[in-house]
Amino acid sequence: MKELSLNILDIAKNSVVAGASLIRISLDTDEDGWLVLQIRDNGCGMNEETLRSVTDPFYTTRTTRKVGLGLPLLKLAAEQTGGTLQITSSQHGEAKGTTVKATFDTKSIDCMPIGDIISTVCILVAGSPEIDFDFSDRSPEHSVTLRTAELREILGDSISLAEPEIQNWMKEYLQEQYAG
């Protein structure tokens, strides 16, 4: 993958498949240029065997193909910058779900660009409008947030977040936050 936003899309879609009703995506960049990307969900979680194998490119739970490259490529991207990838998961109780946390040195020549994160967020919401997405991107230059639960509260149940007008509004809302 050529941009981190595509990794985010892939991992968040896995959260959707895992039955998550809430997916939190955060990007936090500090003043020294370290980016922490974190995707947390409350889906079904992974058992210990799956958790141990999930960064192996020849391991996948999908039946449509025999390889799963999303997490192995994210791990490689992080490690190429001197960063790390950590994955935790639980199938029980309040802690049920999975957290993927990757760190990147954005000053490294090997650091991939974030890419079109606005389109990624909008695609995720349009593809799964019933799921709550909490998105945040914080850096010394900006603080951007979008919480679909808040949008649903304002719009009510009769308007889908996948509606073109709502998608356009979300895109403009995120663009304004990045510009401001």
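The values are calculated or read from the model by the stated rules, or taken from the named source; none is laboratory data. Predicted model only: the values in this text are computed from it and were never measured. Quick reminder, even Gly has a Cβ in these numbers, built from the backbone with ideal geometry, and neighbours come from all protein chains shown. Areas reflect the complete protein model, heavy atoms only, side chains present, ligands, DNA and RNA absent. Shrake-Rupley method; radii C 1.70, N 1.55, O 1.52, S 1.80 Å.
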Checklist entry - Does region 55-68 contain any residue that is open to solvent by less than 30 Å² (accessible area, probe 1.4 Å), modelled with pLDDT of 90 or more and more than 30 Å from Tyr178 (Cβ to Cβ)? => result no
Next on the checklist: Exactly one condition in (1) surrounded by fewer than 16 Cβ atoms within 10 Å (Cβ to Cβ); (2) at pLDDT 95 or above; (3) not aliphatic (A, V, I, L, M) is false for Ser5; which is it?
Outcome noted: (1)
Next on the checklist: Given (1) more than 14 Å from Ser15 (Cα to Cα); (2) at pLDDT below 95; (3) surrounded by fewer than 20 Cβ atoms within 10 Å (Cβ to Cβ), identify the lone condition not met by Asp105.
Outcome noted: (2)
Next on the checklist: When you scan region 152-161, do you find a residue that is more than 25 Å from Val54 (Cβ to Cβ), out of contact with any Phe, Trp or Tyr (no Cβ under 8 Å at 6 or more places or on another chain) and assigned to a strand (DSSP E or B), even just one?
Outcome noted: no
Item to check | region 148-165, subset open to solvent by less than 90 Å² (accessible area, probe 1.4 Å) and within 20 Å of Ile25 (Cα to Cα), residue nearest to the chain's Cα centre (by Cα) | outcome: Thr148
Next on the checklist: Here's a check for you: in region 69-95, which residue that is assigned to a loop (DSSP other than H, G, I, E, B) and modelled with pLDDT under 95 is most open to solvent (accessible area, probe 1.4 Å)?
Outcome noted: His92
Checklist entry - What pairs can you find where one residue is in region 8-34 and touching a residue at least 24 places away in the same chain (Cβ under 8 Å), the other is open to solvent by 70 Å² or more (accessible area, probe 1.4 Å) and not polar (S, T, N, Q), and their Cβ atoms are less than 6 Å apart, with a gap of 6+ or different chains? => result Arg24/Arg40; Asp28/Arg138; Glu31/Pro140; Gly33/Lys107
Checklist outcome for this item: Across (1) buried (at least 18 other Cβ atoms within 10 Å of the Cβ); (2) modelled with pLDDT of 95 or more, Asn14 clears everything bar (2)
Item to check | Residue list for region 117-147, filter: farther than 23 Å from Ser158 by Cα, more than 13 Å from the chain's Cα centre (by Cα) and open to solvent by less than 20 Å² (accessible area, probe 1.4 Å) | outcome: Val144
